[in-house]
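Report on one structure; see the data block that follows.
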Amino acid sequence: MKLYVSRVACTCTATLALFAVSVFAQSSALEPARLAPDELKWAPTPTGTQRANLAGDDKKAGMYAYRARFPVNFKNQPHFHPDDRIVTVISGTLYVGFGEQFDESKMKALPASSIWTEPAKQPHFVWAKDGEVVIQVIGNGPSAVTLIPPKH
C-alpha cells in the first residue's frame, strides 16, 4: 500500500511541477526580436515625450524593454512603479533624483552610457535639462506609473 501511495504522490508532485513550469512559460511576454535603430517605431505619449517599444509589453506579466525620448527641459515629476527597473541613458545627459519632491539639489547628471536603478515603489524624478535625452528601460511587468502629488 505504501508503494502505491508513493507513486501517486510522486505523480502528483511531477504534474504540479510541470503545471507550474507551463504557467510560467505562458506568462512570459518576451518574444524573439532583432531591431536596428532605424526600425524603431516612435510614438508620442500624453506627457509630450516619445516612446518606442523594443520587447515584451510592460502592461503584461514578463520582461519588457522600451526606449523613451525626452525633449529639452522635460521634467518628469516624482513618481514610482510597481516593478524593479534598470534604466540606461542612450544619448544626452539626464538629471536623476530620488525622493517624493522634485529637488534639483538631489539630482545627479548621468551622461550617455550611465545607468540607474528604480527599485519597485522607489519615488524618483528626472530632468532633461541640457537637451534631448533617450533612455532605455528594462523591467518585469506588469508595470504602471503612480504620480506623487506635490507637497506645498
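Scanning region 86-98 for residues that are more than 9 Å from GLU132 (Cα to Cα) and either free of Cβ contacts under 8 Å to residues at least 12 places away in the same chain or touching an Asp or Glu at 6+ places or on another chain (Cβ under 8 Å) (or both), which turns out surrounded by the fewest Cβ atoms within 10 Å (Cβ to Cβ)?
ILE86
Out of all the residues in region 32-85, which are without any contact (Cβ under 8 Å) to a residue 40 or more places away in the chain and of a type in the set (Val, Ile, Thr)?
Listed by number, the residues that qualify are THR45, THR47, THR49.
Do we find that ALA68 is exposed (fewer than 15 other Cβ atoms within 10 Å of the Cβ) and more than 17 Å from ALA120 (Cα to Cα) in this structure?
So ALA68 does not fit the description; no.
Would you mention how many residues in region 58-111 are of a type in the set (Phe, Trp, Tyr) and either within 14 Å of VAL137 (Cα to Cα) or not assigned by TED's automatic domain parsing to the domain that holds ASP130 (or both)?
Residues in region 58-111 being of a type in the set (Phe, Trp, Tyr) and either within 14 Å of VAL137 (Cα to Cα) or not assigned by TED's automatic domain parsing to the domain that holds ASP130 (or both): 4 in total.
Could you grab me the full set of residues in region 138-152 that are surrounded by 15 or more Cβ atoms within 10 Å (Cβ to Cβ) and assigned to a loop (DSSP other than H, G, I, E, B)?
The initial filter retains those residues of region 138-152 that are surrounded by 15 or more Cβ atoms within 10 Å (Cβ to Cβ), namely 138-143, 148.
PRO142, SER143, ILE148 - these are the residues of region 138-152 that are surrounded by 15 or more Cβ atoms within 10 Å (Cβ to Cβ) and assigned to a loop (DSSP other than H, G, I, E, B).
Would you confirm whether or not region 99-114 contains a residue that is charged (D, E, K, R) and buried (at least 19 other Cβ atoms within 10 Å of the Cβ)? Steps first, answer last, please.
Here is the first cut: in region 99-114, the ones charged (D, E, K, R) are 100, 103-104, 106, 108.
Now restrict to residues that are buried (at least 19 other Cβ atoms within 10 Å of the Cβ): none.
Within region 99-114, not a single residue is charged (D, E, K, R) and buried (at least 19 other Cβ atoms within 10 Å of the Cβ).
The values are calculated or read from the model by the stated rules, or taken from the named source; none is laboratory data. A quick note: this is a predicted structure, and the numbers were derived from the prediction, not measured. Every residue, glycine among them, receives a Cβ derived from its backbone with ideal geometry; neighbour counts consider all protein chains shown.
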